[in-house]
Amino acid sequence: MDYILELKNISKSFPGVRALDGVSFSVKKGQVHMLVGENGAGKSTLIKIINGMYTADEGDLYFENRKVETHTPKHMMDLGIATIHQELSPVLDMSIGENIFLGTETMLIDWKGMYERAEKMIQELGFDYDPRAKMRSLTVSDMQIIEIIKAISRNAKLIIMDEPTSSITESEVAVLFKQVEKLKAAGIGIIYITHKLDEIFQIGDKATILRDGQVVSTHDVKELKKAQIIAKMVGRELKEVYPPKENIPGDVILELKGLTSKKYQNVNLKIRRGEILGMSGLVGAGRTEVMRAVFGLDTYQNGEIIYKGEKLPVKGVTEMIDRGIMMVSEDRKGEGLVLIRSVIDNISLPNLDSYVRRLFIDDKKVVEDAQDMIEKLAIKTPSGKTLADNLSGGNQQKIVIAKWLLHNPEVLILDEPTRGIDVGAKYEIYKIICDFAKRGVAVIMISSEMPEIIGMCDRVMVMSNGRVTGELEKEEITQEKIMTLAVKGVEYE
């Protein structure tokens, strides 16, 4: 067999949990091997063993038919294994070129040559980034593309792609998939992790499904159907994708009038109690920037935010939280979590004032409420005391949602709320969102997943290049109409 990678009977345990249990997994040269499973199934642990961040408790790893004895990130990188992580960690104050070649420098750096090489690579992949620009100036989707270029620059023999399309546009996805085909043709093996099941059939050759730390099955992709994959992932047949809509929109609670900044212009919006308003558009359209202003994270130049009939002063996040406006950020690690604190601490953090009893915090009530949210959102964690940093990306996202749901918001802004979350857990989050709308909470959902927007929202506002290009009511919400409005903004370039 022409395998680039073979794992035999890999097991790994952490305090309170067996993350992997006798996993065998192989990748051929020139093959895209999809790794699929729910959050907590063991995908992240398996990847960290492959790239040397973890050492297996049991089992063996072979690379190019040779048993690997040294398990460190540098050794695996030297062998030819590159990883594109779902959670990006660029050096923001360094340039794009520096980030691409970070870790490969010599004592004397040929800066001119480095930038020329970076520019050539960027252009060959069909992009036009300035290699001298700071990473801080890029969007999340731009940073994702740079990570892909970085991995390719290492001349890797095996590339691990962990949710690489979670925050890039459809056109950028097309570019990525073309590059994947080139990598395959060059004999490079690819491990591709995704929660977007359609991608399995678009680019996958083989698929291994994990559940509870064990391999359920491995198949040629052409033998599989979506329903089979879901059933194997979650251990049951999942018939429903979106909950029934039982919410009834009421009076207007929040209104934006002519909101303007450098990143968006003249945004007008109304949101009603009990309504789920979708904000759609291509990545970089200005959706997130508008909502960050509403939440008090960013300032705006002109316009008004009217809340319950009153013009809001610009006083920052604390003021908005006190008034009942809350936001789940797209950047869960940078803005949503304190990674070195426990699950319970993270869930209770914005709500500590409500637990004060005679100058002391009611720790028992804190634990009870946090544990209740852990169970409601099915957060997979050994215990409430486990550090947030030790959980999978999807379970971290659930913690961020849990802390705001516990705070009883009146307006809840969700920025890519199911990014990196598996199909079974998505349904549970959708139910919670619908329950809040049913109780009269105004929900604003920013999402790059078209089916999610169509399946969940009562009304959709579409943006492009910083402008609102249209609004769609229930029966008007179709993929074709959303995309027509999403690309309409090119006229403003």
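Hey, could you check segment 377-392 for residues that are at pLDDT below 85 and buried (at least 23 other Cβ atoms within 10 Å of the Cβ) and say which is nearest to the chain's Cα centre (by Cα)?
Selected residue: SER392.
Can you tell me which residue in segment 135-156 is modelled with the lowest pLDDT, limited to those that are among the β-branched types (Val, Ile, Thr) and within 14 Å of ILE168 (Cβ to Cβ)?
Among them, the one singled out is VAL140.
Within segment 418-426, identify whether any single residue is of a type in the set (Val, Ile, Thr) and in contact with a strand residue (DSSP E or B) (Cβ under 6 Å, 6 or more places away or on another chain), and answer yes or no.
Checked against the condition, which is being of a type in the set (Val, Ile, Thr) and in contact with a strand residue (DSSP E or B) (Cβ under 6 Å, 6 or more places away or on another chain), segment 418-426 yields no hits at all.
(1) touching a residue at least 12 places away in the same chain (Cβ under 8 Å); (2) farther than 23 Å from SER261 by Cα; (3) not acidic (Asp, Glu): which one isn't true of GLN301, the others all being true?
Evaluating GLN301 over (1) touching a residue at least 12 places away in the same chain (Cβ under 8 Å); (2) farther than 23 Å from SER261 by Cα; (3) not acidic (Asp, Glu) leaves (2) as the failure.
Filtering segment 336-352 down to residues that are touching a strand residue (DSSP E or B) at 6+ places or on another chain (Cβ under 9 Å) and modelled with pLDDT under 85, which residue is surrounded by the most Cβ atoms within 10 Å (Cβ to Cβ)?
In this case the residue turns out to be GLY336.
Output the residues belonging to segment 440-455 that are in contact with a helix residue (DSSP H, G or I) (Cβ under 6 Å, 6 or more places away or on another chain) and either under 26 Å from GLU410 (Cβ atoms) or outside the structural domain of LYS270 (by TED's automatic domain parsing) (or both).
Residues of segment 440-455 in contact with a helix residue (DSSP H, G or I) (Cβ under 6 Å, 6 or more places away or on another chain): 443, 446-447, 450.
Across segment 440-455, the qualifying residues are VAL443, ILE446, SER447.
Scan segment 183-199 and tell me whether some residue there is touching a strand residue (DSSP E or B) at 6+ places or on another chain (Cβ under 6 Å) and under 24 Å from SER447 (Cβ atoms).
Taking every residue of segment 183-199 in turn, at least one turns out to be touching a strand residue (DSSP E or B) at 6+ places or on another chain (Cβ under 6 Å) and under 24 Å from SER447 (Cβ atoms).
Return only the number of the condition from (1) more than 14 Å from the chain's Cα centre (by Cα); (2) modelled with pLDDT of 85 or more; (3) among the β-branched types (Val, Ile, Thr) that VAL400 does not satisfy.
Just one mismatch for VAL400, condition (1).
Considering ILE413, ILE374, ILE433, ILE444, which residue is surrounded by fewer than 22 Cβ atoms within 10 Å (Cβ to Cβ), β-branched (Val, Ile, Thr) and over 21 Å from GLU163 (Cα atoms)?
Among ILE413, ILE374, ILE433, ILE444, only ILE374 is surrounded by fewer than 22 Cβ atoms within 10 Å (Cβ to Cβ), β-branched (Val, Ile, Thr) and over 21 Å from GLU163 (Cα atoms).
Looking only at residues that are of a type in the set (A, V, I, L, M) and surrounded by fewer than 20 Cβ atoms within 10 Å (Cβ to Cβ) in segment 238-268, which one is nearest to ASP142 (Cα to Cα)? Before the answer, list the steps.
Here is the first cut: in segment 238-268, the residues of a type in the set (A, V, I, L, M) are 238, 241, 248, 252-254, 256, 259, 267.
If we keep only those that are surrounded by fewer than 20 Cβ atoms within 10 Å (Cβ to Cβ) too, we end up with 238, 241, 248, 252.
Numbers: LEU238: 34, VAL241: 30, ILE248: 38, VAL252: 36 Å.
Looking at residues that are of a type in the set (A, V, I, L, M) and surrounded by fewer than 20 Cβ atoms within 10 Å (Cβ to Cβ), I get VAL241.
Failed condition for ASP205, given (1) outside the structural domain of GLU64 (by TED's automatic domain parsing); (2) buried (at least 17 other Cβ atoms within 10 Å of the Cβ), with all others met?
Answer for ASP205: the failing condition is (1).
Would you mention how many residues in segment 157-181 are under 19 Å from the mean Cα position of the chain (by Cα) and either modelled with pLDDT under 80 or in a loop (DSSP other than H, G, I, E, B) (or both)? Before the answer, list the steps.
Of segment 157-181, the ones under 19 Å from the mean Cα position of the chain (by Cα) are 160-174, 176-177.
Now narrow it down to the ones that are either modelled with pLDDT under 80 or in a loop (DSSP other than H, G, I, E, B) (or both): 163-172.
Count: 10.
Please pick out the residue among ASP93, ASP142 that is in the same structural domain as ILE168 (by TED's automatic domain parsing), acidic (Asp, Glu) and more than 30 Å from VAL423 (Cα to Cα).
Checking each option against the conditions leaves just ASP93.
Would you point out which residue out of ASN99, ASN155 is loosely packed, with under 12 Cβ neighbours inside 10 Å, out of contact with any strand residue (DSSP E or B) (no Cβ under 8 Å at 6 or more places or on another chain) and polar (S, T, N, Q)?
Just one listed residue meets the conditions, ASN155.
Specify the residue that is farthest from ASP458 (Cα to Cα); the eligible residues are those in segment 278-325 that are polar (S, T, N, Q) and part of a helix (DSSP H, G or I).
Going through the qualifying residues, I end up with THR318.
Can we say ASP60 is within 30 Å of THR386 (Cα to Cα) and among the acidic types (Asp, Glu)?
Yes, satisfied.
Assess whether ALA151 counts as being over 26 Å from SER280 (Cβ atoms), small (Gly, Ala, Ser) and assigned to a helix (DSSP H, G or I).
Values: over 26 Å from SER280 (Cβ atoms): yes; small (Gly, Ala, Ser): yes; assigned to a helix (DSSP H, G or I): yes.
So ALA151 fits the description; yes.
The values are calculated or read from the model by the stated rules, or taken from the named source; none is laboratory data. A quick note: this is a predicted structure, and the numbers were derived from the prediction, not measured. Here Cβ is always computed from backbone atoms with ideal geometry, including for glycine, and neighbour counts include all displayed protein chains.
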